Amino acid sequence: QETMYGFKVYIHAGEPFSKQLYELLSQNSNGKFFNMYGPTETTVWSTIKDLTNCENINIGNPIANTTCYMLDKNKKLLPMLIPGELYIGGDGVSKGYWNRKELTEEKFIKSPFKKDETIYNTGDLAYFDTTGEIVHLGRTDFQVKIRGYRVELEEIENKVISYPGITSCVVNAVENASKLCAYYIS
């Protein structure tokens with residue numbers, strides 16, 4: 001069976017899988033397509049979705065030994081179809097950030113659902129659809145990814161504002177999140 005570039009399996013991870021990219025690839029290949037999701041703090045891949053011959057692009061279901069929770073601001077479970085913060089638990093959750101105790105305590109919390117489990121707040125907004133699959137909606141903060149690197153827009157804004165004569169600044173990701181653009185008032 002002939003496939004584009006000779007690949008039989010395509011695994012997409014690290015950035016949202018756009019419908020346009022999926023359509024381009026699937027029109028030119030008979031291969032299988034998988035969408036993977038997961039932050040570095042949970043050993044990179046935490047969910048998987050087989051997109052082969054699929055209409056809905058989402059991030060699927062947790063992989064083995066992984067649990068996903070949608071929680072409200074009070075850390076209470078949310079029902080299906082209600083967006084909330086995505087937390088990940090299971091064997092892949094790391095112990096925290098090296099020499100960043102405050103951030104570790106903020107992002108890695110004791111699970112209210114399983115004894116001796118730590119869950120990680122991804123900073124992502126998501127919900128479970130009616131099939132139990134996870135639909136990713138975006139970030140709850142101002143973090144973006146530029147070519148695979150996490151960038152905190154607020155940190156850049158604060159740095160720009162620190163220059164003499166600049167009073168205000170807003171930074172946005174542009175061109176499909178491939179570049180940053182700073183707008184400022186001097």
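Could you calculate the FRET efficiency of Glu106 with Asn30 from 1/(1 + (r/R0)^6), where r is the beta carbon distance between them and R0 is 41 Å, rounded to 0.05?
Here the calculated transfer efficiency is 0.35.
Taking R0 as 22 Å, what FRET efficiency do you get between Phe7 and Val44 from their Cβ-Cβ distance, rounded to the nearest 0.05?
0.60
If you look at just the Cα atoms of region 46-186, how large are its Rg and its Dmax in Å?
My reading of the Cα-based Rg and Dmax gives 18.0, 55 Å.
Loop sites only, by DSSP: take the GluC sites (Glu not before Pro) in the chain that have at most 12 other C-beta atoms within 10 Å and name the longest stretch containing none of them.
The longest uninterrupted stretch comes out as 56-174.
Between the DSSP loop rule and a limit of at most 14 other Cβ atoms within 10 Å, which chymotrypsin sites (Phe, Trp or Tyr not before Pro) in region 113-153 are left?
Phe113
For Ser111, enumerate residues with amide H under 5 Å from its amide H, sequence gap 5+ or separate chain, H modeled in the peptide plane.
Glu117, Thr118, Ile119
Can you give me the % of accessible surface on the chain that is carbon or sulfur? Probe 1.4 Å, all protein chains present, nothing else counted.
Roughly 54 percent, rounded to a whole number.
With the other protein chains left in place, how much accessible area per residue, in square angstrom, belongs to the chain at a 1.4 angstrom probe?
For the chain, the solvent-accessible area averages 64 Å² per residue.
The values are calculated or read from the model by the stated rules, or taken from the named source; none is laboratory data. All of these numbers come straight from a predicted model, not from anything done at the bench. Heads up, the Cβs are rebuilt from the backbone with ideal geometry, glycines too, and the neighbour counts pull from every protein chain shown. With ligands, DNA and RNA removed, areas are computed over all heavy atoms of the protein, side chains included. Shrake-Rupley method; radii C 1.70, N 1.55, O 1.52, S 1.80 Å.
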